[in-house]
Amino acid sequence: MFLLMVVALLLVAGPDSKSVVLTGVVSDESCGAAHLKAGDEQCVVKCLRGGASVGHPEWKPQRMVLVARDGSSILFIANPERLKDHAGQEVTVRATAPGKNKTVRVLALLTK
């Protein structure tokens, strides 16, 4: 499914493009697609920063991911500071095309 999404993005972006437009929910790598419904924003924020602030130092900070609305693909965000205020929210971004490691760099926030 991930390969199909990448191929579709490349077709939309064009063969010479170095960026793609992606829409998904900002989540954390631990919970991933579990945070697709509204109201999970605070859980995502806590998972991203780790559990020390809520009395659980054993919960390590998680990497930020962008999850397709249907949960079919999860991409790691190389520069999470660009989306830190959008945890748990659906966003549309212009980003680098995902590589083999399923990581993208957000170039611009298009909608929130």
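The values are calculated or read from the model by the stated rules, or taken from the named source; none is laboratory data. Since we're looking at a predicted model, the values are computed, not measured. Don't worry about glycine lacking a Cβ; one is built from the backbone with ideal geometry, like all the others, and counts go over all protein chains shown.
Out of (1) at pLDDT 90 or above; (2) under 11 Å from residue 24 (Cβ atoms); (3) of a type in the set (A, V, I, L, M), the odd one out for residue 110 is which?
(2)
Report, by residue number, each residue of the range 85-109 that is in contact (Cβ under 8 Å) with a residue 24 or more places away in the chain, closer than 23 Å to residue 34 by Cβ and not in a strand (DSSP E or B).
Those that are in contact (Cβ under 8 Å) with a residue 24 or more places away in the chain, closer than 23 Å to residue 34 by Cβ and not in a strand (DSSP E or B): 86, 87, 88, 89, 98, 101, 102.
In the list 46, 60, which residue meets the criterion of being of a type in the set (Lys, Arg), more than 22 Å from residue 93 (Cβ to Cβ) and surrounded by 15 or more Cβ atoms within 10 Å (Cβ to Cβ)?
When all the criteria are applied, what remains is 46.
From the list 69, 63, which one is modelled with pLDDT of 90 or more and at negative phi?
After applying the criteria, what remains is 63.
Buried (at least 18 other Cβ atoms within 10 Å of the Cβ) and not hydrophobic (A, V, I, L, M, F, W, C): is that true of residue 98 in this structure?
Values: buried (at least 18 other Cβ atoms within 10 Å of the Cβ): yes; not hydrophobic (A, V, I, L, M, F, W, C): yes.
It is true that residue 98 is buried (at least 18 other Cβ atoms within 10 Å of the Cβ) and not hydrophobic (A, V, I, L, M, F, W, C).
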